[in-house]
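Okay, so here's the structure we're looking at.
Taken together, the values in this text are just the output of simple stated rules run on the coordinates, not laboratory data. Since the model is a prediction, treat every value here as computed from it, not as a measurement. Glycine gets a Cβ as well: all are built from the backbone with ideal geometry, and neighbour counts include every protein chain shown.
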Amino acid sequence: MGGQNQIRFGAHEHRSSRGPAKIYLPSGMKLLPQLIKESGYFTFNLGKDDYNFIWDHEATYSLQQKRRSPVPWDQLKASQPFFGQIQTAGGKFPTQNFPADRKVDPASVTVPPDYPQNQLYREVVAQHYDAIRADDEFIGSVLDGLKQAGLADNTIVVYFGDHGANNLVRHKQMPTEGGLHVPFIIAGPDPWVPAPSVRDDLVNLLDLSTTTLEWAGVTVPDWYEGQFLFDEVPVPHEYVAAAKDRLDHTIDRVRTIRTHRYRYTRNYKTDRIFLQPQYRDSKDYVKNLRELYATGKLSPKLTEIYFGERPAEELYDVIKDPNQLNNLVGDPKHAKELNRHRELLDDWLAKGDMGAGEEPHEELAFQADGQKWGRGVNPEYEVVRTDSDGDGLSDPWEKNNGRDPQDGKLLFTFDCGGWQTEGWQGDQELGNIAGRLGFLNFVIADGRGSLQRSGLNLDPRLNQGTFVLSASATDKVVARVSLSLKGHDQPVQIPQLEIAAGKDCSEVSAPMPKLSVADGVIESLAVEFESSPGTTVTIDAMEVR
Ligand SMILES: [Ca+2]
Ligand SMILES: [Ca+2]
Ligand SMILES: [Ca+2]
């Protein structure tokens, strides 16, 4: 709509401008339909708009209709030339009432290898094909309407999707091949659209914006990033890029590029898993994934993809591996390609990325709670929330995660996929301390390392008893826990804990020091580890009982 990627002009956060914080287009920037309308076209939109910024409806569209049908053919016939969009339902087409004899048989479909191979997912995939059939039928009705109105011979028709399958969680909303490699078909009269052919060069949908202006004879503004698809001497893209930021209440930041053979992805928020809490959590296909993980029935590959530590970088050979199963980062054979792709992404980002920081507090407060799509559990929301009991976790976050926001108890379990670290930080040498869902996980490369948790305000009287650490390690580890009290320079030590070598987490514990309220509140915790170099530590929970 803007001719630019959303990160260039601040439109990268989903469903923004709905609350008190508003996003306006940069001065002088106009939406594509407005540019076309100003050059004498009748412009229309049938169906949803859903833009993330404030826009001038009147200046943009001559006609707006909330529903995609009926298409007002008589009006269009009388309003030539016209430019318009009809928002088909695509993969969201309801298919419950689709005649049984036209429904795809779930037994006949192939479930992509990055999903559980079970009956539920066969049904999800079959339903997607049903939705495609329904969409196809709707498109047929539009093309028939064009014919009957006598407009078929002088209209260019473009069909494209805005994401992959609606109910596959690695498609819609995700910057993957599934989410970004969308159908794109152009039909129209020569010379506007050359003879039927299939092209396999990389196309960005921003190219469609540029191409549309070229077709309409409108000067392409200097902020446009796409290229005309039917240039006399086409120069194929070396790469196309995409970005993901907050979607509904789920905060993430991902930047990715696709070249002919590879997809390279950079994840900026590595303290949360891929399958974060999100708007589809009540759906059976999401519950199924979580249940399989919780009961240990999910394959190691799917565990890694959906619930594993979020890699900072990903590189896939998408010709061989279109489902992005094998991350090639770290494979020395692909080191050269990895570096080439890092540079290409850096070049793309150097043109401007407004998503580098966080959203204003008023927008975070608006998105955090009370939205029909769910409640935010990411750490970004903590700055606009209150922590009544001083355990370092806000009241809404505790409620959303089944904790008691008033108990004042020291408790960390790392079970929230939107905030795996629960505010713990590690020494730089430990790297990313967020492990798979439920755990912290890190390697003590040189035999020493420590974790810290600040931002506490715990009443010592409510934390008498025993400090319990549930952990495992690949070799014996000594852990020394210390508490910093308000008004005291010297931290108070808890007797040292010893984690034995072993595969499964087990509990080790030590008595908490006897403290009174006069000693001051507990402001922070630190855990120092000592082990043989290269020992991996996994922590399931820390608490006072
Ligand atoms: Ca709390
Ligand atoms: Ca609490
Ligand atoms: Ca845990």
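Each residue of segment 413-429 in turn: what ³J(HN,Hα) in whole Hz from Karplus with 6.51, -1.76, 1.60 and θ = phi - 60°, glycine and Pro shown as x?
Rounded to whole hertz, the list is 10, 6, 9, 9, x, x, 7, 5, 8, 6, x, 6, 10, x, 4, 3, 5.
Just to be sure I understand the model, the point goes 7 Å from the Cα along the line to the Cβ. What's the resulting residue 478 to residue 425 distance in nm?
Using points 7 Å along Cα→Cβ, the separation is 2.7 nm.
Using Cα positions and a limit of under 30 Å, work out the lysines in reach of residue 283, with same-chain residues fewer than 8 apart set aside.
Residue 283 reaches 48, 66, 92, 103, 172, 244, 269, 297, 301, 372, 399.
Against the longest principal axis of the chain, how steep is helix 205-216, in degrees 0 to 90 to the nearest 10, with axes from Cα atoms?
20 degrees
Compute the distance in nm between two label points, each set 7 Å from the Cα along the Cα-to-Cβ direction, one at residue 143 and one at residue 496.
According to this spin-label approximation, the distance is 7.6 nm.
Under unit Cβ charges (Lys, Arg +1; Asp, Glu -1), what dipole magnitude, rounded to 20 debye, does segment 207-358 have relative to its Cα centre?
Details: 23 positive and 27 negative charges, 166 e Å.
Using only the charged Cβ atoms, the result is roughly 800 debye.
Among 86, 98, 315, which residue has its Cα positioned farthest towards the positive end of the charge dipole of the chain, with +1 placed on the Cβ of Lys and Arg, -1 on the Cβ of Asp and Glu, and the dipole taken about the Cα centre?
Sorting the options by dipole projection puts first 98.
Mind pulling the angle between the C-alpha long axis of helix 119-148 and the longest principal axis of the chain? Nearest 10 degrees, somewhere in 0 to 90.
30 degrees
For residue 222 and residue 399 in one chain, what is 0.36 nm times their gap in residues minus the Cα-Cα distance, to one decimal in nm?
The residue 222-residue 399 span can extend by a further 58.8 nm.
Where in segment 292-333 is the amide nitrogen less than 12 Å from a point lying 7 Å along the Cα-to-Cβ axis of residue 110?
322-323
Going by C-beta contacts inside 10 Å, put 77, 269 in order with the fewest on the left.
Ascending Cβ contact count within 10 Å gives the list 77, 269.
Treating only the Cβ of Lys, Arg, Asp and Glu as charged (+1, +1, -1, -1), what charge dipole size does the chain show about its Cα centre? Round to the nearest 20 debye.
Values: 59 positive and 79 negative charges, 196 e Å.
Result for the chain is approximately 940 debye, rounded to the nearest 20.
Taking the simple approach of a point 7 Å from Cα along Cα-to-Cβ for both residue 517 and residue 346, what is their distance in nm?
5.6 nm
What is the calculated FRET efficiency for residue 67 to residue 205, with r their C-beta to C-beta distance and R₀ = 30 Å, to the nearest 0.05?
0.80
Positive end of the charge dipole of segment 393-544 (Lys, Arg +1 and Asp, Glu -1 on Cβ, about the Cα centre): tell me which of 450, 438, 466 has its Cα farthest that way.
466
How far, in degrees from 0 to 90, does helix 284-294 lean away from the longest principal axis of the Cα atoms of the chain, to the nearest 10?
Roughly 30 degrees between the two axes.
Taking θ = phi - 60°, what integer Hz values does the Karplus form 6.51 cos²θ - 1.76 cosθ + 1.60 yield along segment 11-26, in sequence order, with x for Gly and Pro?
Along segment 11-26, the couplings run 9, 7, 8, 5, 6, 8, 6, 8, x, x, 7, 10, 10, 10, 5, x Hz.
Quick one: if the Förster radius is 22 Å, what FRET efficiency do residue 459 and residue 383 give, using the C-beta to C-beta distance and rounding to 0.05? Mind showing how you got there, number by number?
Values: r = 23 Å, r/R0 = 1.05.
The formula returns an efficiency of 0.45 here.
Can you sort 310, 253 so the residue with the fewest Cβ neighbours within 10 Å comes first? Intermediate values should be presented prior to the final figure.
On the way: 310 21, 253 18.
By the 10 Å Cβ count, ascending, the order reads 253, 310.
Could you list 380, 362, 13 so that the one with the fewest beta carbons within 10 Å of its beta carbon is first and the one with the most is last?
If I rank by nearby Cβ atoms, fewest first, I get 362, 380, 13.
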